[in-house]
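Below is one structure, written out as structure tokens; the observations come after it.
Computed from the coordinates by the stated procedures, all read-outs in this text should not be read as laboratory data. Keep in mind the model is a prediction, meaning the values are calculated, not measured. As a convention, Cβ positions derive from the backbone with ideal geometry for all residues, glycine included, and neighbour counts pool all protein chains shown.
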Amino acid sequence: MTCSAIINSDRAKCEPMSQSASVSFMASVTLKFSALCLASVMSLSAAYAQGASKESQVPGWDALVAAANKEGTLVISGPQGRDWRVQLMEFQKDYPGIKLEVTPMASRDFWPRFSKERDVGQILWDLRVGGLDAPGYAFKKAGALDPIKPLLMLPEVVDSTKWLGGIQNSYLDKEKEYFFAFIAYETASASYNRKFASTPEDQSVKGLLQPKFKGKISMADPRGGASLNALSAIYQVYGEEFIRKLLVDQQPVITKEPRQQMDWIASGRNPIAFGIPKATFLEYGQRGVKLDDFVEMKELKVWTPGVGALTLMKGAPHPNAAKLFVNWLLKQETQEKLTLALKLNSRRTDVKAHDPDLEVDAQNLAAYIGSQNEEIQDYQSKVVAILQEIGK
């Protein structure tokens, strides 16, 4: 192109447009902009639909959702603690057609209530999210529970490689069908305040029998729950005489109030505590209390699901909603959100451990005592027998 042509071309660009040309130009720009916006919206909508239909691609999933929405309700017993409730209620946000009723109850309170209701023919509960102990296994043997295993449906849930030690090892019962543990972490026999339990002996299981700790140990009601699980593991390792001395000679203070135990361990009134839920420690820290001096006694190699296990009631009144909830709870996305909020470790291998200090060694699973597995129930029965004897 010659210099003259370039000059003339530039001049043409600078000359004002006619009114009709200007209108035509603006219309063209507007049309192109609208088309671009529409394409962006359609792209985002397609992406959303792709994510939303992830489960819908599983045969039978849409029918399950429809059936669950028709039932309209799901009734579960959940763990104590505000954070647990908040996380479980996320189900209702994802499935607003189903009213989720969550009642926080410890094992020692739930099973007696369940028993009384069952005796008069009332089946009010669908699921229990919580730990396992002797009463739960007793109801399994009595035929009052249904297996969880048939409820698992999503491919990412039934994939054995997604679970620590394989999916079969996520079940706590001998049949590998009834009690599914979705949480796994190393657990302590007890917790202590190192300001008041400062020596290595003070911080050991054997040190619990020191005379200076007489009347200074608190226990969540040991007839069930975490305290019973811890005592059963100690029984397995140290024997009956040790447990008798701990429960009789040391005169532990028994309570059903986790918050009270936290106050006692913090003040030093009872610097050693059995059975304080992890959620209670978390909530205590959220109040601004420093937790640096609260330490877990991890002398024994024990793993637990804590309150992270699932139980299905026989004849659950809302079976489809229960099945939907179980699959929702066990998928990777839900497990990531839940364990992040509660600072727990999922059994899923594709979910980050949010409490690395308590991460279970996947290469050394055989060395662990399962504090809630059915195999430890013989020891739990022996502990309960001692407690009953003491209470006479």
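Calculate the spin-label point distance for Glu201 paired with Gln122, positioning each point 7 Å from the Cα along the beta-carbon direction, and give it in nanometres.
Taking the simple label geometry, Gln122 and Glu201 are separated by 5.3 nm.
Cα-Cα over 22 Å: which of Lys93/Lys331; Lys195/Lys245; Lys176/Lys331; Lys174/Lys337?
As for pairs spanning more than 22 Å Cα to Cα, those are Lys195/Lys245; Lys174/Lys337.
Can you run phi through the Karplus equation (6.51, -1.76, 1.60; θ = phi - 60°) for the stretch 183-189 and list ³J(HN,Hα) in whole Hz, with x for Gly and Pro?
10, 8, 8, 5, 10, 9, 5
What residue among Ala367, Ala144, Ala316 has the largest mean-square fluctuation in a Gaussian network model of the chain, using Cα springs under 10 Å?
Ala367
Can you sort Thr161, Thr73, Thr311 from fewest to most other Cβ atoms within 10 Å of each residue's own Cβ?
By the 10 Å Cβ count, ascending, the order reads Thr161, Thr73, Thr311.
Quick one: which residues, 5+ away or cross-chain, put their amide H under 5 Å from the amide H of Leu145? H built at 1.01 Å from N.
Here the answer is Lys314, since their amide H atoms fall under 5 Å of that of Leu145.
Please give the FRET efficiency for Ser381 paired with Arg244, using the beta carbon to beta carbon distance and R0 = 22 Å, rounded to the nearest 0.05.
0.90
Kindly flag which residue pairs out of Lys216/Lys256; Lys54/Lys162; Lys99/Lys343 have an alpha-carbon separation exceeding 21 Å in this structure. Don't jump to the answer; show the numbers that get you there.
Working: Lys216/Lys256 16 Å; Lys54/Lys162 18 Å; Lys99/Lys343 27 Å.
With Cα atoms farther than 21 Å apart: Lys99/Lys343.
Taking Cα pairs under 8 Å and at least six residues apart, what relative contact order does the chain come out at, in percent?
25 percent
Rounded to the nearest Å, what's the spacing between the alpha carbon centres of the stretch 332-372 and the stretch 57-111? Just the number, please.
Comparing the Cα centres of the stretch 332-372 and the stretch 57-111, I get a distance of 22 Å.
Would you work out which of Ala181, Tyr192, Leu154 lies farthest towards the positive end of the dipole of the stretch 116-201? Charges go on Cβ: Lys and Arg +1, Asp and Glu -1.
Value: Tyr192.
Within the stretch 193-235, which chymotrypsin sites (Phe, Trp or Tyr not before Pro) sit in a loop by DSSP and count at most 15 neighbouring Cβ atoms inside 10 Å?
Qualifying residues, ordered by number: none.
From the backbone phi of the stretch 336-351, what are the Karplus-calculated ³J(HN,Hα) couplings (6.51 cos²θ - 1.76 cosθ + 1.60, θ = phi - 60°) in whole Hz, Gly and Pro given as x?
With the stated coefficients, the stretch 336-351 comes to 5, 5, 5, 6, 5, 5, 9, 6, 10, 10, 6, 6, 5, 6, 9, 10 Hz.
Evaluate the distance, in nm, between pseudo-label points positioned 7 Å from the Cα of Asp62 and of Ser160 along their respective Cα→Cβ axes.
Reported label-point gap for Asp62 and Ser160 is 3.3 nm.
Please go through the stretch 283-375 and write out the GluC sites (Glu not before Pro) that DSSP classes as loop and that have at most 11 other C-beta atoms within 10 Å.
Of the GluC sites (Glu not before Pro), not one in the loops of the stretch 283-375 has a Cβ with at most 11 other Cβ atoms within 10 Å.
For the chain, just run the numbers: alpha carbon Rg, then divide by 2.2 N^0.38 Å, N being how many residues it has.
Relative to the rule-of-thumb radius for its length, the chain sits at 1.36.
Can you tell which of Lys278, Lys174, Lys331 shows the greatest fluctuation in a Gaussian network model of the chain with Cα springs below 10 Å?
Lys174
Does the stretch 236-314 classify as rounded, prolate or oblate by the C-alpha gyration tensor (a ≥ b ≥ c root eigenvalues; a/c under 1.5 gives rounded; else a/b over b/c gives prolate, otherwise oblate)?
oblate
Rounded to the nearest 0.05, what FRET efficiency do Lys149 and Leu209 give with R0 = 51 Å and r taken as the Cβ-Cβ distance? Could you check?
Calculated transfer efficiency: 0.75.
Once you order the gyration tensor axes a ≥ b ≥ c over the Cα atoms, which shape class does the stretch 51-135 get: rounded for a/c under 1.5, otherwise prolate or oblate by comparing a/b with b/c?
Details: a/c = 2.43, a/b = 1.71, b/c = 1.42.
Prolate, because a/c is 1.5 or more and a/b exceeds b/c.
Tell me, what HN-Hα J-couplings in whole Hz come from the Karplus equation 6.51 cos²θ - 1.76 cosθ + 1.60 at θ = phi - 60° for each residue of the stretch 232-247, using x for Gly and Pro?
5, 5, 5, 4, 4, 8, 9, x, 5, 4, 4, 5, 4, 5, 5, 7
For the stretch 241-290 and the stretch 120-138, what is the separation of their Cα centres, given in Å?
When both Cα centres are located, 26 Å separates them.
Hey, can you grab everything whose amide H is under 5 Å from the amide H of Ser218? Only 5+ residues off in sequence or another chain; H modelled, so Pro and N-termini drop out.
Under 5 Å from the amide H of Ser218 lie the amide H atoms of Val253, Ile272, Ala273, Phe274, each far enough along the sequence or on another chain.
Diagonalise the Cα gyration tensor of the stretch 93-230 and give the resulting equivalent ellipsoid semi-axes, square root of 5 times each eigenvalue, largest first, whole Å. List each step's numbers first, then the result.
Numbers: eigenvalues 237, 91, 47 Å².
That gives 34, 21, 15 Å for the three semi-axes.
Note down the magnitude of the dipole of the chain about its Cα centre, charges +1 on Lys and Arg C-beta and -1 on Asp and Glu C-beta and zero elsewhere, to the nearest 20 debye.
Details: 47 positive and 45 negative charges, 129 e Å.
About 620 debye.
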